[in-house]
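Each remark here refers to the structure printed beneath this line.
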Amino acid sequence: MSAVRTVLGDVAPGRLGVVDAHDHLFLSTPRLPGQELHSVPAARAELAAFREQGGGTVVQWTPYGLGRRAADLPPLSRETGVHLVAATGLHQAAHYDDGTLARLRGGLAAVFVAELTEGIGTSGVRAGLIKVAGGFHTLDAHARWTMSAAAEAHHATGAPVAVHLELGTAALDVLDLLCGELAVAPHRVILGHLNRFPDAVLHRQAAESGCYLAFDGPSPAHHATDWRMPDVVRALADAGHGDRLLLGGDTTTAGARSVNGGPGMPYLLRRVRPRLEAALGRDLVRRVLTENPGRAFAVDWR
Ligand SMILES: [Zn+2]
């Protein structure tokens, strides 16, 4: 049976409720010093605030080695009543020290497979997706290495591959590599951060492959493009790709959390949802928040 792999076990896609399809409860990276998401009480409060707005599921895109705190996820899910999905995968090289990358060099796909099927570290918590990252308008050797490993792990398990597009770019390069050379079925690929590069033609070209397109934010770093999101999402829906849209909050810093005065996870439902309802209509927004993520993340696990 097709199921979404949550931190409490496999769940039927129809039971997810309203889904934040790209976010982070925990994230620590040298690229964001002093802004780490590592507080369990803050994560719990953020989830409760999301729940209060009607949220049902949060899909986390925090990959290997970036402070996932996997063992803390099942109790957080139980306490708040929000389904949580954890990720395996690897971010850009700049997020890791050389020793970590050298250790992974010989067996990255095996690490991904183990985290999807056995669990992350000793937590027993299994990941439900593979997160990787492209570069700015290009794919460097690190991106090609991690995407090759992600494709291998996808073929072994069925897991979806979620891609951080640097500033929303290189979408077609990612699709050429993953779905061309590496033979990942397009509907198993989720492109993230497209709102950061609001080129409606490019979005449509990407959507024509059959992949999922995730729009996530807002962020002070992407304020210049975030406001164009309703228009580009509307253009995709008008072109017949409404069934491929996903929405997320992508909270990456402590200051962005609602419990610390930022927009945080609740903002997706408090403000983004009604704004998109004005652009797309209520029924499509409901499907984007419930049915689309069910299809994007549900897998016949192997
Ligand atoms: Zn993210």
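Read the figures in this text as sums done on the coordinates, not as results from a lab. Note that the coordinates shown come from a computational prediction; the quantities given were computed from them, not determined experimentally. Cβ sites come from the backbone with ideal geometry, for glycine too, and all protein chains shown count toward neighbours.
Computed quantities for the displayed model
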item: ³J(HN,Hα) computed for each position of the stretch 126-142 - Karplus, 6.51 cos²θ - 1.76 cosθ + 1.60, integer Hz, glycine/proline x; result: 8, 7, x, 7, 10, 9, 9, 9, x, x, 6, 6, 7, 10, 7, 4, 5
item: Under-5 Å amide H pairs with residue 216, H placed in peptide plane, nonlocal only; result: 193, 194, 195, 248
item: Convex hull per residue volume in Å³, alpha carbons only, for the stretch 97-211; result: 105 Å³
item: Cα-based Rg / Dmax (Å) for the stretch 171-302; result: 14.9, 44
item: Cα-centred dipole magnitude for the chain, charges only on beta-carbon of K, R (+1) and D, E (-1), debye, nearest 20; result: 600 debye
item: Per-residue HN-Hα couplings for the stretch 48-54 [Karplus 6.51, -1.76, 1.60; θ = phi - 60°; Hz; x = Gly/Pro]; result: 5, 5, 5, 4, 4, 7, x
item: Residue 133 long-range amide H proximity, modeled H, under 5 Å; result: 164
item: The stretch 96-139, relative contact order in percent, only Cα pairs under 8 angstrom and at least six apart counted; result: 21 percent
item: Using a Förster distance of 25 Å, the FRET efficiency for residue 205-residue 279 (Cβ separation, nearest 0.05); result: 0.75
item: The stretch 10-105 - Debye-derived log10 I(q)/I(0), Cα point model, q = 0.21 Å⁻¹; result: -1.05
item: Equivalent ellipsoid semi-axes, the chain, via Cα gyration tensor eigenvalues times 5, rooted, Å; result: 25, 23, 19
item: The chain: relative contact order in percent, alpha carbon pairs under 8 Å with at least 6 residues between; result: 23 percent
item: Residues 91, 155, sorted so that the one with the fewest Cβ neighbours within 10 Å comes first; result: 155, 91
item: Rounded to whole Hz, the Karplus (6.51, -1.76, 1.60) HN-Hα couplings of the stretch 178-190, x for glycine and proline; result: 5, 8, x, 3, 9, 6, 7, 4, x, 6, 9, 10, 10
item: MRE, 222 nm, helices only [DSSP H, n ≥ 4, -39500 (n - 2.57), over the chain, to nearest 500]; result: -9500 deg cm²/dmol
item: Fewest-first ranking of 36, 181, using other Cβ atoms within 10 Å as the exposure measure; result: 181, 36
item: Stokes-Einstein D (µm²/s) once Rh is taken as the Kirkwood radius of the stretch 144-199 over alpha-carbon pairs, at 20 °C in 1.002 mPa s; result: 189 µm²/s
item: Residue 8 long-range amide H proximity, modeled H, under 5 Å; result: 84
item: Cα lying deepest toward the dipole's positive end in the stretch 1-93, options 70, 21, 84, charges on Cβ; result: 70
